[in-house]
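Note sheet for the following structure.
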Amino acid sequence: MIQILILLSSIHYFDVGLTYDDGPTNESHKLIEYLRDEKITAMFFPTGLNLQWDENYLSELLIKKQEVGNHTYSHLELDKAPIKKIDAEFTRQHEILVRAGFSVKFFRYPSGKPSKRLKYLLKKYNYDGIADWDVATGDIFKKTDDQIIYLIDRAINKKLLKQNFDLIILFHDCSAGVLRRTRKLVQFIKIKNLNSSLMDKGVVFYQLSSPAEIFKRRLVE
Ligand SMILES: [Zn+2]
């Protein structure tokens, strides 16, 4: 009995959150379908501009229980933009997502360029916070699948060293091969679980988890 308790107390669940920026493109629907089949909830950051070309994208995301965040209407880089423009782009995109039936709680900076104005906007629209990431996969910069998996594995190991048990991955839903890369990552996680062994810190099981839950937990910590 004591041995069982010791074993249970040394099990850690490591949450991997998938996020997809700048969609949609023509691969998106297959990707959403695949995530649904694998029972994975990811978070998508489409732009209003790209949404013009695919009127079913948001409803598909909603039906397939995916999450969305605000990424501005036209992927506006906020660091040099005037306040009026920031407000307009934030609000326009927010309203598109809300009209589609989503409760929007996170914002991601386009190209990672921050602005102090966001503090005001997040409060005004009752957001939980900024959606950052741990691994920029470089998928739009022609990184190979093996290079991407290597980056992710290295980031997981760094987190484990710090006794940290979650990881947010940034993919782009606008780059060819996004479905293939996602499949490879899911496969990689499954193999990692099969090989999961007793380490000095205990057993670690990896799971693909809701990014919103990971972000919310980080806000509390
Ligand atoms: Zn983006």
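What to note about this one:
- Share of carbon and sulfur in the accessible heavy-atom surface of the range 2-220 [1.4 Å probe, %]: 56 percent
- Entry note, the chain: the mean residue ellipticity at 222 nm calculated from DSSP H runs of n ≥ 4, each adding -39500 (n - 2.57), is -13500 deg cm²/dmol after division by the residues and rounding to the nearest 500.
- Between 0 and 90 degrees, the angle of helix 145-161 with respect to the longest Cα principal axis of the chain falls at about 70 degrees.
- Among 114, 24, 82, the residue with the largest mean-square fluctuation in a Gaussian network model of the chain, with springs joining Cα atoms closer than 10 Å, is 82.
- Available extension along the chain between residue 84 and residue 143 is 17.6 nm, counting 0.36 nm per residue and deducting the alpha carbon span.
- Helix 83-99 vs. the chain, principal-axis angle (Cα, 0 to 90°, nearest 10): 70 degrees
- Label-to-label distance, nm, for residues given as residue 161 and residue 195 (7 Å Cα→Cβ offset): 1.8 nm
- Where labels lie 7 Å past Cα in the beta-carbon direction, separation of residue 52 and residue 221 in nm: 4.0 nm
- C-alpha long axis of helix 178-194 to longest principal axis of the chain, angle in °: 20 degrees
- Among the trypsin sites (Lys or Arg not before Pro) in the range 138-204, those located in a DSSP loop and surrounded by at most 14 other Cβ atoms within 10 Å of their own Cβ are 142, 162, 201.
- For the range 96-217, the dipole from Cβ point charges (+1 on Lys and Arg, -1 on Asp and Glu) about the Cα centre works out to 480 debye, to the nearest 20.
- The distance from the alpha carbon centre of the range 105-130 to that of the range 57-100 is 11 Å, rounded to a whole number.
- Packing-based order for 29-40, 58-69, using average beta carbon neighbours within 10 Å, highest first: 58-69, 29-40
- Dividing the mean sequence gap of close Cα pairs (under 8 Å, 6+ apart) by how many residues the range 2-220 holds gives a relative contact order of 32 percent.
- Å² of accessible area per residue within the range 1-136, as computed with a 1.4 Å probe and no ligands counted: 53 Å²
- With Cα atoms defining each centre, the range 19-53 and the range 143-184 are spaced 17 Å apart in the structure.
- Test item: Cα-centred dipole of the chain, Lys/Arg +1 and Asp/Glu -1 on Cβ, debye: 520 debye
The values are calculated or read from the model by the stated rules, or taken from the named source; none is laboratory data. Computed from a predicted structure; not experimentally measured. Please note: Cβ atoms are built from the backbone with ideal geometry, for glycine as well, and neighbour counts cover all protein chains shown. We work out accessible area using only protein heavy atoms, side chains counted, and drop any ligands, DNA or RNA first. Shrake-Rupley method; radii C 1.70, N 1.55, O 1.52, S 1.80 Å.
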